[in-house]
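Quick notes on the structure that follows.
What follows is calculated from the coordinates using simple rules that are stated; it is not laboratory data. Note that the structure is predicted; figures quoted are calculated from it, not measured. Cβ coordinates were reconstructed from backbone atoms using ideal geometry, including for glycine residues, and neighbour counts include every protein chain displayed.
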Amino acid sequence: MRRPLGAARRRLAAAPGEGRLLLVLRHAKSSWDDPDLDNFDRPLAPRGRKAAKRMGRYLGDTGLVPDAVLCSAALRARQTWARIAKQLCQAPEPKYLKSLYMAPPSRQLDCLRRLDDAIVTALLIGHNPGQQALVLRLCGDGPGLERAREKFPTGALAAIRLGPGRWAELAFGDGTLVDLLYPRDLD
C-alpha cells in the first residue's frame, strides 16, 4: 500500500501540537553476506541503503527533522542514520549508545529519560524486538496499533506524540501513535 507523502504531516497537524514527538526507527535491512561476521558488525544490505535514503528524504520533505538522535552503536544502525542524515538540511550529531544494541523497552525508556527538556523531536534508532515492543508499550492502545502489532519491519518508522512534560518523567502508556510508515510505503 503506497501512502501519500503528506499523510504523516496531516496526521501530525491534526494531533495536539503541544508536547514532544518521538520517532522510533528500526534500522534498515542488514546484510547477511558474511556468516562469520559478528551480529553487531553487520552492514546494511543494498536494499537497506536505499530504504534509509528514502526514509531520510521523507523526514526532510515532511519537516520531521529530529532535534536529537539516540542510535544503537551497531554498524547497521549507524549506517542507517548516516544515510538519513545526508537527506536532512540540518542533521543533529547523534549519540551512539552500545546500551541500545538489542535493548528491551525498559532500557530504551531509560535512555529517552536522559534527554534534555529543550528537545522537542527525538529520533531513536534500534533493533527488533525492542523497537516494536517500545512502540506498543508507549502507545498502549489506540488507532493504528494493529499494524504495529502485526509487523515492524526493518526501516519502519513510528511517530509518537507525547504530551508536554519532562523527558525524565516519560512512562509507558504516555504516547499516541500518530503514524507508522514502512519503507515500502514510499515506493
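Please rank Leu186, Leu23, fewest neighbouring Cβ atoms within 10 Å first, as an exposure proxy.
Lowest count first: Leu186, Leu23.
Any aspartates and glutamates with Cα under 15 Å of the Lys151 Cα? List them, leaving off those in the same chain fewer than 8 positions away.
Here the aspartates and glutamates satisfying the reach criterion relative to Lys151 are Asp179, Asp185.
Order of Trp167, Trp81 from fewest to most other C-beta atoms within 10 Å?
By the 10 Å Cβ count, ascending: Trp167, Trp81.
Around Arg26, with a cut-off of 12 angstrom between Cβ atoms, what is the net charge of the other residues, counting Lys and Arg +1 and Asp and Glu -1? Write down the numbers at each step before the final one.
Numbers: positive: Lys29, Arg76, Lys151; negative: none.
Charge balance in the 12 Å sphere: +3.
With the cut-off at 1.5 for a/c, could you classify region 44-138 from its C-alpha gyration tensor as rounded, prolate or oblate? Before the final figure, lay out the partial values.
Details: a/c = 1.73, a/b = 1.21, b/c = 1.42.
Cα axes put region 44-138 in the oblate bin.
List nothing, just return the count: lysine pairs in region 10-113, 8 or more apart or interchain, with Cα separation under 20 Å.
8
Can you give the % of DSSP beta bridges in the chain that are antiparallel, to the nearest 5?
Once the DSSP bridges in the chain are tallied, antiparallel ones form about 50 percent.
Is the shape of region 112-184 best called rounded, prolate or oblate, per the rule: a/c under 1.5 gives rounded, else a/b larger than b/c gives prolate, else oblate, with a ≥ b ≥ c the square roots of the Cα gyration tensor eigenvalues?
Cα axes put region 112-184 in the prolate bin.
How do His127, His27 line up, fewest other C-beta atoms within 10 Å first?
His127, His27
With the chain treated as a Gaussian network of Cα nodes joined by springs under 10 Å, which of Gly165, Gly48, Gly126 yields the largest mean-square fluctuation?
Gly165
Please identify, among Ala171, Ala51, Ala77, the residue showing maximal mean-square fluctuation in a Gaussian network model of the chain using a 10 angstrom Cα cutoff.
For the chain, modelled as a Gaussian network with Cα springs under 10 Å, the answer is Ala171.
Connecting C-alpha atoms closer than 10 Å in a GNM of the chain, tell me which of Arg26, Arg161, Arg114 has the biggest fluctuation.
Evaluated over the chain, the most mobile residue of the options is Arg114.
Towards the positive end of the charge dipole of the chain, with charges on Cβ (+1 Lys, Arg; -1 Asp, Glu), say which of Ala158, Ala52, Ala77 has the farthest Cα.
Ala52
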